[in-house]
């Protein structure tokens, strides 16, 4: 599967894939649907692509006018892939890349706030649940009108008791489920 930026200033740029099977690239159909839902809210927003992989979601956000994206991944190979893709698309000034454990980062004192935090971890380990619960506990990573977006396999879905986030929408695209959680009190 060939990865590419589908719209915006870097439209058509091919993205390098992470070698091996440690990441699962998002399908164009899912990416396009996601950004159609968010529409103009992407412009001037800040994002955290938590399990960065290839960086495809964060790069798409930058291509569509996001002001800043933090990319993070635990492993060196995805981090190097993200760096190459960011340079290739011309977004080095608007991007920050961190190598490290997502759960440790989420547990830390927030150093900035994000309008969107995208969670698409390796599947079937309930990592998305752990990340969502940590965000709920450490809600100041999100702006007051912030949204967490989880991308999972539909079989992984479960309702999660949260204090500061509420599930507002689900969209299913084949074997991909995208779930939106808004910060309560928006």
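The values are calculated or read from the model by the stated rules, or taken from the named source; none is laboratory data. In this text, all values refer to a predicted model and were calculated from it rather than measured experimentally. Glycine also receives a Cβ, built like all others from the backbone with ideal geometry; neighbour counts cover every protein chain displayed.
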- Task: May I ask you to verify whether residue 58 is in contact with a strand residue (DSSP E or B) (Cβ under 8 Å, 6 or more places away or on another chain), exposed (fewer than 15 other Cβ atoms within 10 Å of the Cβ), within 23 Å of residue 138 (Cα to Cα) and modelled with pLDDT of 95 or more?
- Result: no
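Checking the conditions here, which among 167, 96 is surrounded by fewer than 17 Cβ atoms within 10 Å (Cβ to Cβ) and more than 14 Å from residue 48 (Cα to Cα)? Working first, answer last.
On the way: 96 fails: more than 14 Å from residue 48 (Cα to Cα).
Among 167, 96, only 167 is surrounded by fewer than 17 Cβ atoms within 10 Å (Cβ to Cβ) and more than 14 Å from residue 48 (Cα to Cα).
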- Task: Could you list, in sequence order, all residues of region 121-140 that are loosely packed, with under 15 Cβ neighbours inside 10 Å and modelled with pLDDT of 95 or more?
- Result: 137, 140
- How about region 96-141: which of its residues are within 13 Å of the chain's Cα centre (by Cα) and over 16 Å from residue 57 (Cβ atoms)? 132
- Message: Show me the strands (runs of 3 or more DSSP E) entirely contained within region 37-116 in which 3 or more residues are within 23 Å of residue 170 (Cα to Cα).
- Response: 46-49
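If only one of 93, 183 is within 21 Å of residue 63 (Cα to Cα) and over 15 Å from the mean Cα position of the chain (by Cα), which one is it? It would help to see each step written out before you state the result.
Working: 183 fails: within 21 Å of residue 63 (Cα to Cα).
Criteria check complete, one pass: 93.
With the condition kept exactly as written, say whether any residue in region 37-48 is under 20 Å from residue 134 (Cα atoms), modelled with pLDDT of 95 or more and buried (at least 22 other Cβ atoms within 10 Å of the Cβ).
To start, the set of residues in region 37-48 that are under 20 Å from residue 134 (Cα atoms) comprises 46-48.
Filter once more, so that each one left must be modelled with pLDDT of 95 or more: 46-48.
When the remaining residues are screened for being buried (at least 22 other Cβ atoms within 10 Å of the Cβ), the result is 47-48.
Yes: one or more hits.
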- Can you spot a residue in region 11-23 that is modelled with pLDDT under 95, over 23 Å from residue 110 (Cβ atoms), under 14 Å from the mean Cα position of the chain (by Cα) and buried (at least 19 other Cβ atoms within 10 Å of the Cβ)? yes
- Query: When you go through (1) over 16 Å from the mean Cα position of the chain (by Cα); (2) modelled with pLDDT of 95 or more one by one for residue 149, which number turns out not to apply?
  - Reply: (1)
- Could you check residue 30 against (1) touching a strand residue (DSSP E or B) at 6+ places or on another chain (Cβ under 8 Å); (2) surrounded by fewer than 22 Cβ atoms within 10 Å (Cβ to Cβ); (3) at pLDDT 95 or above and say which number it fails? (3)
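Among the residues of region 117-130, count how many are part of a helix (DSSP H, G or I) and either touching a strand residue (DSSP E or B) at 6+ places or on another chain (Cβ under 6 Å) or within 17 Å of residue 70 (Cα to Cα) (or both).
Adding up the residues that qualify gives 1.
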